[in-house]
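**Q** Dumping the structure here so I can ask a few things about it.
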Amino acid sequence: MVGNKTVLFVFRMILGGLFVYAGVVKVLAPLDFAQNIRNYDLVGRSLSFIAAVVLPWLEILAGAFLIAGIWRRGAALVVSGLLVFFIALTVATIVRGLDVDCGCFGAIDRKAGFGVIIEDLAMLYLGLCILFSKKGRSSKGTVPLKKANSPGSAIS
């Protein structure tokens, strides 16, 4: 996928920032987010309230970890998994003919539709690039060789 450290850094900042922002706006209006979840008509009232409390914090933590570079692959895995779920949920919503606000960024009015799927696919690409990036490689993709006179080398 992408092996350039600078590009991966930019991907982490963009994706992490989006997830932190999305989580914070949901934390600030948990009842609105619970109603958005309920509008998908997949879970009951109790589960929608639990999801409205837990999901935003998961988004904030995963986004913050991406930004900070802490457990990058784990954070990218969580974000990518959430995006796959969001894409599947949006597809199911379209197939079922529901006209609902996606709830992605809180009070911003965005209908669950093909535009949301395309945006989520773009974010998923960023997440997968981070997830499958080679750890510990230089930006050129080469690994430095041992010095000839270092301990453990064949030449003494």
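**Q** May I ask you to list the residues in the range 97-120 that are farther than 22 Å from residue 24 by Cα, free of Cβ contacts under 8 Å to residues at least 40 places away in the same chain and of a type outside the set (Asp, Glu)? Outline the logic, then answer.
**A** So the first thing to find is which residues in the range 97-120 are farther than 22 Å from residue 24 by Cα, and the list is 97-99, 113-115, 118.
Next, from what is left, pick out any that are free of Cβ contacts under 8 Å to residues at least 40 places away in the same chain: 97, 99, 113-115, 118.
Once the filter is applied, which keeps residues that are farther than 22 Å from residue 24 by Cα, free of Cβ contacts under 8 Å to residues at least 40 places away in the same chain and of a type outside the set (Asp, Glu), the range 97-120 yields 97, 113, 114, 115, 118.
**Q** Scan the range 58-72 for residues that are surrounded by fewer than 13 Cβ atoms within 10 Å (Cβ to Cβ) and assigned to a helix (DSSP H, G or I) and report the count.
**A** Qualifying residue count, the range 58-72: 1.
**Q** Something else now. Name the residues in the range 30-57 that are of a type in the set (S, T, N, Q) and surrounded by fewer than 15 Cβ atoms within 10 Å (Cβ to Cβ), would you? Before the answer, list the steps.
**A** Narrowing the range 30-57 to residues of a type in the set (S, T, N, Q): 35-36, 39, 46, 48.
Within the range 30-57, 46 is the sole residue that qualifies.
**Q** Still on this model: Return the pairs, sorted by first residue and then second, in which the second residue is assigned to a loop (DSSP other than H, G, I, E, B) and surrounded by fewer than 18 Cβ atoms within 10 Å (Cβ to Cβ), the first residue lies in the range 65-84 and is aromatic (Phe, Trp, Tyr), the beta carbons are less than 6 Å apart, and the residues are 6+ apart or on different chains.
**A** Filtered contacts from the range 65-84: 65/71.
**Q** For residues in the range 10-24 being within 14 Å of residue 124 (Cβ to Cβ) and in contact with a helix residue (DSSP H, G or I) (Cβ under 6 Å, 6 or more places away or on another chain), which is surrounded by the fewest Cβ atoms within 10 Å (Cβ to Cβ)? Spell out the reasoning first.
**A** To start, the set of residues in the range 10-24 that are within 14 Å of residue 124 (Cβ to Cβ) comprises 11, 14-15, 18-19.
Now drop any that are not in contact with a helix residue (DSSP H, G or I) (Cβ under 6 Å, 6 or more places away or on another chain), which leaves 11, 15, 19.
Working: 11: 23, 15: 27, 19: 28.
The qualifying residue surrounded by the fewest Cβ atoms within 10 Å (Cβ to Cβ) is 11.
Each reported figure results from applying straightforward, stated rules to the coordinates on display, with no laboratory input. Owing to the predicted nature of the structure, the values given are computational and were not obtained by experimental measurement. A quick note on method: Cβ atoms are made from the backbone with ideal geometry, for glycine too, and the neighbour counts reach across all protein chains shown.
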